[in-house]
Amino acid sequence: MIRLEKRPQPSRAWTVATPLLAVALTMVAGGLMFALLGKDPVVAIRTIFWDPLFHEQFASYSRPQLLVKAGPLILIAIGLSLGFRAGIWNIGAEGQYIMGALAGAGVALALYPLDAWFLFPLMVVAGALGGWAWAMIPAILKTRFRTNEILVSLLLVYVAEQVLASMALGLMKNPEGGGFPGSRNLQHYPAAANTELIAGTGMHWGVAAAFIAVIAVYVLLTRHILGFQIRLAGQSPRAARFAGVNPNALVVICLGLSGALAGLAGLFEVAGPGGRINIGFNQGYGFTAIIVAFLGRLHPVGILLAGLLMALTYIGGELAQFMLGIPSAAIQAFQGMLLFFLLGVDVLSNYHIRLGRRRAA
Amino acid sequence: MTALLTVEGLTKAYPGVIANDHVGFDIAQGEVHALLGENGAGKSTLVKMIYGLVQPDAGRMTLRGKPYVPASPSAARKAGVAMVFQHFSLFDALSVAENIALGMETPPPMRRLAARIREVSETYGLPLTPDRLVGGLSAGERQRVEIIRCLLQDPRLLIMDEPTSVLTPQEVAILFATLRKLAAEGTAILYISHKLEEIRTLCDRATILRRGRVVESCNPREKSAAQLAEMMVGTKLTAPSRAGGNPGGVVLEVSGLSLPSANPFGTSLRDISFSVRAGEILGIGGVAGNGQDELLDALSGEAAVTPGAVRLRGRPIGALGPGPRRRVAVLAAPEERLGHAAAPDMSLTENAMLTAAIREGLAARGFLKWPAAKAFAEKVIAAFDVRTPGPGNAARSLSGGNLQKFVIGREVLQRPEVLVVNQPTWGVDASAAAAIRQSLLDLAASGTAVIVISQDLDELMEISDRFAALNEGRLSPPRPAQGLTLEEIGLMLGGAHDMEVAHVAE
Ligand SMILES: Nc1ncnc2c1ncn2[C@@H]1O[C@H](COP(=O)(O)OP(=O)(O)OP(=O)(O)O)[C@@H](O)[C@H]1O
Ligand SMILES: [Mg+2]
């Protein structure tokens with residue numbers, strides 16, 4: 001018989017070890033799934049986790065992709081983790097990401113072909129504001145009318161997608177694009193382009209921003225009163241009120257910060273790797289970032305590692321689709337397993353597992 | 001008498017403490033057995049092991065001659081062991097019968113269950129209506145729900161961990177009559193309490209724990225309360241003494257304070273007025289649930305009220321939140337220590353930061369000074385004799401009384417001008433309670449205006465200069481505590497509450 005006994009304090013060792021265990025379990029279960037699909041599991045796992053970084057032929061292309069994909073994931077997840085710690089559930093980062101991209105690109109397209117040093121910084125500000133404003137909708141509805149921020153933020157993703165489509169087909173359509181949907185390519189507009197900072201690494205301003213966010217949030221959570229209040233509100237709401245935390249202010253701050261960071265991620269994407277506003281420009285980064293946040297245990301360093309890992313499974317997954325013909329649904333199931341096992345083994349850090357009916361005699 | 005339960009060499013260690021160190025004792029059938037000990041002596045840990053909630057590291061238990069190894073509370077219940085916890089686990093929005101059904105493995109149909117509840121409640125003199133909502137019940141009535149839930153399982157051993165700390169004297173009388181009847185029928189009762197007079201009237205035998213070990217076993221009727229306390233602590237007790245200085249000018253003035261309750265089962269405050277002078281202790285008595293929590297919220301700033309309803313030296317502070325009130329030295333310690341006064345999963349250092357950041361200068365321009373917070377937590381631990389391996393331990397790992405000492409000490413050491421405490425010695429052992437009362441007296445002697453909200457009339461009479469009673473959200477005009485007779489206090493309390501006389505079928 002297996003029994004669970006609550007630990008007086010969460011175990012440090014297990015908190016670190018459970019993500020690793022979850023990755024291992026995912027490899028086993030995923031390998032089994034690939035085997036059932038008639039693929040060699042060892043080759044499939046190697047293609048996903050190893051080849052993107054070290055394959056002699058593909059690595060030169062896929063290695064920079066690691067940072068390109070991880071950058072937005074980390075940037076968004078870091079913002080989300082603040083709210084998640086406080087018990088404020090922003091599920092709509094995808095929408096804030098779109099609105100940030102639209103606002104930032106909108107500035108560039110409106111001023112085209114202005115060639116000024118301040119254009120890119122202006123876009124960055126606009127991107128953050130776009131995401132922030134979109135997140136303020138659930139924040140204000142929650143603080144004023146006690147609506148559920150999960151629902152509102154999620155539904156606003158679909159609204160944002162509609163806005164994106166209409167922009168791509170209308171206002172922001174490239175006048176020189178021969179009638180095709182989609183805006184001008186900002187990559188070809190030097191003053192607005194988010195270029196690679198170090199050639200061949202995939203490092204762009206968005207990745208730099210993600211690293212800065214990781215450090216800033218780490219300091220915030222461990223050294224700053226706001227971070228303390230966020231943790232307190234999540235663990236013990238009544239004690240937080242006794243400590244003087246204003247719950248409404250916290251909702252506005254957490255949703256606002258996560259929205260702004262998601263908006264930034266969108267801006268860096270549209271001005272960089274994405275290049276243009278178009279239908280389907282958002283690729284689910286906002287949703288995947290939720291997984292990344294939890295995979296990283298809402299801890300900044302954990303999120304950094306989780307973002308890199310998740311990016312790896314994306315790139316590796318594409319590679320596996322391309323090389324081994326594994327269906328994309330199977331890749332998604334594989335990524336889902338990762339979250340499933342993570343939450344499953346989470347029990348270990350809060351509980352002792354006792355085997356057998358009796359130990360002490 | 002044959003032993004019902006025998007415990008031998010039971011040992012349980014937690015990181016940094018041995019909560020139980022080779023504990024051995026036995027309980028006979030039909031015996032009311034007291035478990036005594038200071039805060040953190042290991043009483044709760046011991047009964048949790050008997051109830052299968054905590055697994056011992058070593059040791060052996062025998063129930064009715066057979067080895068007894070409860071792997072879980074439900075195994076313990078099957079073996080005939082039941083337990084009433086100090087903190088009730090009931091749902092406010094469900095009825096009495098529904099709550100009881102939730103705790104049963106195989107609940108009978110509602111109609112049958114309601115009939116059983118009536119039957120048991122009549123047999124044992126525990127008045128209770130099965131279809132009432134739990135949210136509207138007093139603490140004593142809630143406890144009856146828990147007891148009846150236990151009695152429906154027909155237990156051989158009933159464990160009660162500090163059952164009377166939230167009851168009125170009348171409710172205690174009812175409870176004792178019930179327990180005596182149960183014992184007469186052969187049920188053994190294991191009883192934990194810090195109220196020594198109660199133990200002397202109720203219990204046949206007492207086992208005394210000190211720092212995890214059994215130090216003595218005696219018949220409590222043959223000892224005085226002071227003797228029992230000394231056996232627990234191992235040293236002589238000193239009663240709190242007061243300096244008896246003259247109070248200064250009015251510091252805090254509350255006038256026409258009304259506050260609708262935030263929760264549907266709470267009590268609204270109605271037109272409360274009083275004032276407290278520097279160096280004075282105002283005692284506010286009354287049965288829990290008559291607006292105590294709401295009054296504390298209004299004074300701590302958690303609930304904002306009209307600015308003029310609360311004034312500090314004439315300055316309106318009613319609209320200020322908890323932070324700004326701390327800045328002007330109005331401090332508070334709420335009753336519920338886990339989850340209100342302290343965050344259970346945070347360390348004592350973090351819990352020190354929780355209320356002391358402003359006054360102790362633990363933050364500069366928003367950045368936290370953790371070493372200073374740790375030093376302050378250590379100061380509280382040392383000054384109030386909090387038993388814990390260190391400030392890095394989570395609040396929930398402390399025993400109830402030790403956390404209470406920490407919570408009170410944290411506010412007392414912040415040099416308040418006004419200190420409001422609710423149930424300051426709730427679940428605290430006799431010597432620690434004396435220490436806490438002494439610290440409140442000392443604080444008043446140094447010029448602080450102190451408001452003590454408590455259900456314990458003896459405590460209030462011991463330390464207050466003036467006394468007022470809170471009843472259904474109204475406060476009686478305060479009167480000098482000295483010379484107040486029991487009848488006068490009864491009249492002030494309104495007398496409306498639970499004066500029904502226990503009726504036990506003999
Ligand atoms: N889950 C736990 N983790 C770590 N230490 C614990 C835990 N539970 C209890 N302890 C420690 O074990 C000791 C005994 O605690 P216990 O709760 O049994 O005391 P108690 O006698 O019931 O005290 P009180 O009268 O204050 O309720 C204390 O030092 C306490 O800090
Ligand atoms: Mg206890």
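The values are calculated or read from the model by the stated rules, or taken from the named source; none is laboratory data. Note that the coordinates shown come from a computational prediction; the quantities given were computed from them, not determined experimentally. Note that we place each Cβ from the backbone using ideal geometry, even for glycine, and neighbour counts take in every protein chain shown. The area values use the complete protein model at the heavy-atom level, side chains included, leaving out ligands, DNA and RNA. Shrake-Rupley method; radii C 1.70, N 1.55, O 1.52, S 1.80 Å.
Tell me yes or no: at least one residue of the range B:1-15 is more than 10 Å from chain A (Cβ to nearest Cβ) and within 15 Å of ligand 1 (Cβ to nearest atom). For the range B:1-15, residues more than 10 Å from chain A (Cβ to nearest Cβ) and within 15 Å of ligand 1 (Cβ to nearest atom): present.
B:Ser241 meets the conditions (1) outside the structural domain of B:Ala430 (by TED's automatic domain parsing); (2) farther than 24 Å from B:Ser464 by Cβ; (3) not in a helix (DSSP H, G or I) in every case but one. The failed one is (2). Where helices (runs of 4 or more DSSP H) fall entirely within the range B:41-137, those with at least 1 residues that are under 30 Å from B:Leu403 (Cβ atoms) and either among the β-branched types (Val, Ile, Thr) or away from chain A (no Cβ under 14 Å) (or both) are at B:43-50, B:73-78, B:96-102. Of all residues in the range B:151-194 being among the basic types (Lys, Arg) and surrounded by fewer than 17 Cβ atoms within 10 Å (Cβ to Cβ), which is nearest to ligand 2 (Cβ to nearest atom)? Filtering first and then ranking leaves B:Arg180. If you take the residues of the range B:16-40 that are hydrophobic (A, V, I, L, M, F, W, C) and more than 25 Å from the chain's Cα centre (by Cα), which of them is nearest to the other protein chains (Cβ to nearest Cβ)? Per the criteria, the residue is B:Val23. The residues of the range B:338-370 that are closer than 30 Å to B:Arg315 by Cα, in contact (Cβ under 8 Å) with a residue 40 or more places away in the chain, more than 8 Å from chain A (Cβ to nearest Cβ) and not in a helix (DSSP H, G or I), listed by number, are B:Arg359, B:Glu360. Evaluating B:Met160 against the criteria (1) within 16 Å of ligand 1 (Cβ to nearest atom); (2) of a type outside the set (Phe, Trp, Tyr); (3) within 14 Å of chain A (Cβ to nearest Cβ) leaves one unmet condition, (3). So, of the residues in the range B:16-44 that are in contact with a Pro (Cβ under 9 Å, 6 or more places away or on another chain) and open to solvent by 20 Å² or more (accessible area, probe 1.4 Å), which turns out to be nearest to ligand 2 (Cβ to nearest atom)? Checking each candidate, the answer is B:Val17. Where helices (runs of 4 or more DSSP H) fall wholly inside the range A:224-292, the ranges with 1 or more residues that are within 23 Å of the chain's Cα centre (by Cα) and surrounded by fewer than 23 Cβ atoms within 10 Å (Cβ to Cβ) are A:225-235, A:247-271. Against the numbered list (1) farther than 27 Å from B:Thr2 by Cβ; (2) within 16 Å of ligand 2 (Cβ to nearest atom), B:Thr267 comes up short only at (2).
Selection over the range B:305-325 of residues that are open to solvent by 10 Å² or more (accessible area, probe 1.4 Å) and away from chain A (no Cβ under 11 Å) gives a count of 11.
Could you identify the single residue in B:Ser89, B:Ser72 that is modelled with pLDDT under 90, under 30 Å from B:Glu197 (Cβ atoms) and open to solvent by 30 Å² or more (accessible area, probe 1.4 Å)?
Values: B:Ser72 fails: under 30 Å from B:Glu197 (Cβ atoms).
Being modelled with pLDDT under 90, under 30 Å from B:Glu197 (Cβ atoms) and open to solvent by 30 Å² or more (accessible area, probe 1.4 Å) holds for just one of B:Ser89, B:Ser72, which is B:Ser89.
Restricting the range B:371-400 to residues that are touching a Ser or Thr at 6+ places or on another chain (Cβ under 7 Å) and not in a loop (DSSP other than H, G, I, E, B) leaves a set whose member that is nearest to ligand 1 (Cβ to nearest atom) is B:Ala394.
Among the residues of the range B:319-336, those identified as in a loop (DSSP other than H, G, I, E, B) and under 23 Å from B:Gln423 (Cα atoms) are B:Gly321, B:Ala329, B:Pro334, B:Glu335, B:Glu336.
Of the residues making up the range B:401-419, those that are away from chain A (no Cβ under 12 Å), away from ligand 1 (no atom under 14 Å from the Cβ) and over 16 Å from B:Glu378 (Cβ atoms) number 5.
Can you pull out every residue in the range B:197-209 that is within 13 Å of ligand 1 (Cβ to nearest atom) and either modelled with pLDDT under 90 or hydrophobic (A, V, I, L, M, F, W, C) (or both)?
Our first condition is that a residue be within 13 Å of ligand 1 (Cβ to nearest atom); within the range B:197-209, this holds for B:207-209.
Once the filter is applied, which keeps residues that are within 13 Å of ligand 1 (Cβ to nearest atom) and either modelled with pLDDT under 90 or hydrophobic (A, V, I, L, M, F, W, C) (or both), the range B:197-209 yields B:Ile208, B:Leu209.
Condition check ((1) outside the structural domain of B:Asp442 (by TED's automatic domain parsing); (2) modelled with pLDDT of 95 or more; (3) of a type in the set (S, T, N, Q)) across all residues:
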{"position": "B:Ala332", "(1), (2), (3)": "no, yes, no"}
{"position": "B:Asp345", "(1), (2), (3)": "no, no, no"}
{"position": "B:Asn351", "(1), (2), (3)": "no, yes, yes"}
{"position": "B:Ile358", "(1), (2), (3)": "no, no, no"}
{"position": "B:Ala364", "(1), (2), (3)": "no, no, no"}
{"position": "B:Phe384", "(1), (2), (3)": "no, no, no"}
{"position": "B:Thr388", "(1), (2), (3)": "no, no, yes"}
{"position": "B:Ala394", "(1), (2), (3)": "no, no, no"}
{"position": "B:Leu398", "(1), (2), (3)": "no, no, no"}
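Can you pull out every residue in the range B:387-396 that is open to solvent by 10 Å² or more (accessible area, probe 1.4 Å) and either touching a Phe, Trp or Tyr at 6+ places or on another chain (Cβ under 7 Å) or within 12 Å of chain A (Cβ to nearest Cβ) (or both)? First the steps, then the outcome.
Start the filter on the range B:387-396 by keeping residues that are open to solvent by 10 Å² or more (accessible area, probe 1.4 Å), which leaves B:387-393, B:396.
Answer for the range B:387-396, where residues must be open to solvent by 10 Å² or more (accessible area, probe 1.4 Å) and either touching a Phe, Trp or Tyr at 6+ places or on another chain (Cβ under 7 Å) or within 12 Å of chain A (Cβ to nearest Cβ) (or both): B:Thr388, B:Pro389, B:Gly392, B:Asn393, B:Arg396.
Annotation for the range A:88-99: at least one member residue is touching a Cys at 6+ places or on another chain (Cβ under 9 Å) and either hydrophobic (A, V, I, L, M, F, W, C) or part of a helix (DSSP H, G or I) (or both).
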